[in-house]
Amino acid sequence: MIHIVSLRKAVLAGILGALAWEAVLRLLLLAGVPLADIIRMLGLLVAPHGPVWAWWLAGLTLHTVVGIIWAVFYAYVFWSRFQWRPVWQGLAFALIPAALAILVVYPQLPLMQASAEVANTNPWRLMTAVTWHERAGLLLGHLVFGAVLGALYTHPVGYPVDRGPELPLRPARRRRRAAPVLPPRPENAFMFATGIECSYPTIEGGRWRRDQMAASGHYRHWEEDIDLCVDVGVSHLRYGPPLHLTYLGPDRYDWSFTDLVMARIRQSGVTPIVDLCHFGLPTWLGDFQNPAVPEALSAYATAFARRYRWVRFYTPVNEMYVCAKLSALHGVWNEQRRDERAFLTAVRHLARASTLTMRAILRERGDAVFINSESGELYQAASPDPEIVRIADFENERRFLALDLLYAHPVSELMRGYLRDNGMPDEEYAWFMGQATPRRAVLGVDYYLWNEQLIDTQGRPQALGELFGWYVVANQYWERYRRPMMHTETNNVDAREGARWLWRQWHNIQLIQRAGVPVVGFTWYSLTDQVDWDIGLARALGRVNPVGLFDLNRDPRAVAQAYRRLVESFGDDPEIRDCPALAELLR
């Protein structure tokens, strides 16, 4: 697996690890402990007849360079291979250079200082010449180095919440060609889309920000990323400006980066579907337990819609159910809670935020279109055991909860009791049920390999893979809400399977359209590879997930070629070029 490496952190860890080694062992040597003095041995190679300060400085420099090399090797090869605490991982790694030093390098250092041109010796004699005290010193030094290295080289991606990245106001590369522009398409044409993965939740008690735009390099390559959308031929781009870096406080905004990107998107001819809240919040708002979140996001939506009046398509809050589940039920992100009441509180706030956000945008642009993207889930019982069946049935109802509140769809008596038991007043439920859903609201159903789950005999969900497929799952959402639909996210974690997965999803769309379900668009998510989504962003490991149309070097994957071919092959189909469902939605 490819990793993102922080060279700056690796070099710093290597330097400090080498200095810590010297500090600890120098004190022991000065105290009379007979240990190996690796600094002296290295220094005398460079300054054999120099004063103490000369050989010490030369030896320390060589030792530090070696420390940097080992630290970079650790970052690229060893880091995150094991689910151990960082210090223990560093200590385990240190045994590798320690073995080389004790068995190979240190025994041969005296040969480099020998006065004779020919040495009459053998490996056994060299190794046995090293005393046990020297071996102990080498082992201790490496363990000190490893402990410092493990402690310092962590979090190669993300950043502390109080220190956001410097957003570049110029692209990373100088453009070598004219900015590509998408050829005009009919307004009613089926929406072929991709997206810039823009999640920004916090982990580790709210101290560390998982910013996917930073991890994927979008802040540096934003101009090139938009060019790639044009090259593939997609008509729409799901794009979420970094809320946490833009919304600085009540009535305080920094639009500098967003202005540049939105201007280029507008110039490109690609239509943006703007994600206003994608799994995270600005630090000043805290987390999704905060009752001020809905009104605050509504104010942000108003400011955004006023500034970019040309934008028509919005996703007010992305995947409300997933956001609440991972934040407040599974304890992975943001508030990192693990209880039903916290989960329901997050759902209530997210659904209210989405409702108020749509209302705020409509006040600024009455013909706005909303793509309410949600994870399409399905649960199966592994056995006829009544308890296992009960859990599966409950989860199959709970998956709809956020959308039920958003679309004013009455919940079952079972779920109504669940709402009351976990803190939702009847008055608040009545408020949701009294809201009028905007006419131009599209139900987006996302689908991945893990969306279908089996409740095993222990009552725990296990990913099933693609058992029934998007057609069956999406049809259940259609039967419940009867709203125009869009396939709003999909990809495959195996890049070799990407093209085949793309076509399977497309055939699911064709099948459900033939069944009479109005589908207005399809999305391969995302444009580029993602980072650490194989572990749900739970830890900042830097693992690159090869799910994008392009890798992080912006080189195309096979699925990019397949998507381009799909768009070209079906773009002139009458039902695609003039999509009846989209024409009805936009009228």
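The values are calculated or read from the model by the stated rules, or taken from the named source; none is laboratory data. Keep in mind that this is a model prediction, so the values were computed, not measured. Don't worry about glycine lacking a Cβ; one is built from the backbone with ideal geometry, like all the others, and counts go over all protein chains shown.
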With the first residue restricted to the range 261-276 and required to be farther than 17 Å from residue 526 by Cβ, and the second required to be surrounded by 21 or more Cβ atoms within 10 Å (Cβ to Cβ) and modelled with pLDDT under 95, Cβ contacts under 7 Å at 6 or more apart or on different chains are none
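What is the residue count in the range 367-409 for residues that are among the aliphatic types (A, V, I, L, M), surrounded by fewer than 24 Cβ atoms within 10 Å (Cβ to Cβ), within 30 Å of the chain's Cα centre (by Cα) and part of a strand (DSSP E or B)? It would help to see each step written out before you state the result.
So in the range 367-409, the residues among the aliphatic types (A, V, I, L, M) come out as 368-369, 371, 378, 381-382, 388-389, 391-392, 401-403, 405-406, 408.
Narrowing the set further to residues that are surrounded by fewer than 24 Cβ atoms within 10 Å (Cβ to Cβ) leaves 368-369, 378, 381-382, 388-389, 391-392, 401, 403, 408.
Cutting the leftovers down to within 30 Å of the chain's Cα centre (by Cα) gives us 368-369, 378, 391-392, 401, 403.
Still in the list and also part of a strand (DSSP E or B): 369, 378.
Residues flagged as among the aliphatic types (A, V, I, L, M), surrounded by fewer than 24 Cβ atoms within 10 Å (Cβ to Cβ), within 30 Å of the chain's Cα centre (by Cα) and part of a strand (DSSP E or B) within the range 367-409 amount to 2.
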The strands (runs of 3 or more DSSP E) lying wholly within the range 233-286 that contain at least 1 residues that are of a type in the set (Phe, Trp, Tyr), closer than 15 Å to residue 300 by Cα and over 18 Å from the mean Cα position of the chain (by Cα) are 247-249
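In the list 189, 178, 193, which residue meets the criterion of being part of a strand (DSSP E or B) and farther than 27 Å from residue 13 by Cα?
Values: 189 fails: part of a strand (DSSP E or B); 178 fails: part of a strand (DSSP E or B).
It is 193.
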With respect to residue 347, determine if the residue is of a type in the set (A, V, I, L, M, F, W, C), more than 23 Å from residue 522 (Cβ to Cβ) and under 24 Å from the mean Cα position of the chain (by Cα). yes
If we keep only residues of the range 201-246 that are of a type in the set (Asp, Glu) and crowded, with 24+ Cβ neighbours inside 10 Å, then the residue farthest from residue 569 (Cα to Cα) is 211
Of (1) modelled with pLDDT under 85; (2) under 26 Å from residue 1 (Cβ atoms), residue 69 satisfies every one except (1)
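Do we find a residue being at pLDDT 95 or above, surrounded by fewer than 19 Cβ atoms within 10 Å (Cβ to Cβ) and assigned by TED's automatic domain parsing to the domain that holds residue 556 anywhere in the range 165-179?
Filtering the range 165-179 down to residues at pLDDT 95 or above leaves none.
Taking every residue of the range 165-179 in turn, none turns out to be at pLDDT 95 or above, surrounded by fewer than 19 Cβ atoms within 10 Å (Cβ to Cβ) and assigned by TED's automatic domain parsing to the domain that holds residue 556.
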Considering residues that are touching a helix residue (DSSP H, G or I) at 6+ places or on another chain (Cβ under 9 Å) and under 17 Å from residue 442 (Cβ atoms), the number found within the range 477-504 is 9
Screening 548, 516 for residues that are touching an Asp or Glu at 6+ places or on another chain (Cβ under 7 Å) and not in a strand (DSSP E or B) leaves only 548
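Answer with yes or no whether residue 256 is in contact with a Leu (Cβ under 7 Å, 6 or more places away or on another chain) and farther than 17 Å from residue 219 by Cβ.
Numbers: in contact with a Leu (Cβ under 7 Å, 6 or more places away or on another chain): yes; farther than 17 Å from residue 219 by Cβ: no.
Considered against the rule, which asks whether it is in contact with a Leu (Cβ under 7 Å, 6 or more places away or on another chain) and farther than 17 Å from residue 219 by Cβ, residue 256 comes out as no.
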Filtering the range 445-475 down to residues that are of a type in the set (A, V, I, L, M) and surrounded by fewer than 16 Cβ atoms within 10 Å (Cβ to Cβ) yields 463, 467, 472
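Would you say residue 288 is crowded, with 18+ Cβ neighbours inside 10 Å, farther than 24 Å from residue 274 by Cα and not aliphatic (A, V, I, L, M)? Can you show your working first?
Values: crowded, with 18+ Cβ neighbours inside 10 Å: yes; farther than 24 Å from residue 274 by Cα: no; not aliphatic (A, V, I, L, M): yes.
For residue 288, the condition - crowded, with 18+ Cβ neighbours inside 10 Å, farther than 24 Å from residue 274 by Cα and not aliphatic (A, V, I, L, M) - is not met.
Filtering the range 277-296 down to residues that are in contact (Cβ under 8 Å) with a residue 60 or more places away in the chain and touching a Pro at 6+ places or on another chain (Cβ under 8 Å), which residue is farthest from residue 210 (Cα to Cα)?
So in the range 277-296, the residues in contact (Cβ under 8 Å) with a residue 60 or more places away in the chain come out as 277-280, 283, 286-289, 293-295.
Then drop every residue that is not touching a Pro at 6+ places or on another chain (Cβ under 8 Å), which leaves 277, 279-280.
Details: 277: 14, 279: 10, 280: 9 Å.
Among residues in the range 277-296 that are in contact (Cβ under 8 Å) with a residue 60 or more places away in the chain and touching a Pro at 6+ places or on another chain (Cβ under 8 Å), the one farthest from residue 210 (Cα to Cα) is 277.
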Among 474, 430, the single one that is in contact (Cβ under 8 Å) with a residue 12 or more places away in the chain and among the small types (Gly, Ala, Ser) is 474
Of 573, 532, the only residue that is of a type in the set (Asp, Glu) and at negative phi is 573
Taking first residues from the range 226-252 that are at positive phi and second residues anywhere that are hydrophobic (A, V, I, L, M, F, W, C) and part of a strand (DSSP E or B), the pairs with Cβ under 9 Å that are 6 or more apart or on different chains are 233/192
Residue 560 meets each of (1) under 18 Å from residue 232 (Cβ atoms); (2) modelled with pLDDT under 95; (3) part of a helix (DSSP H, G or I) with one exception, condition (2)
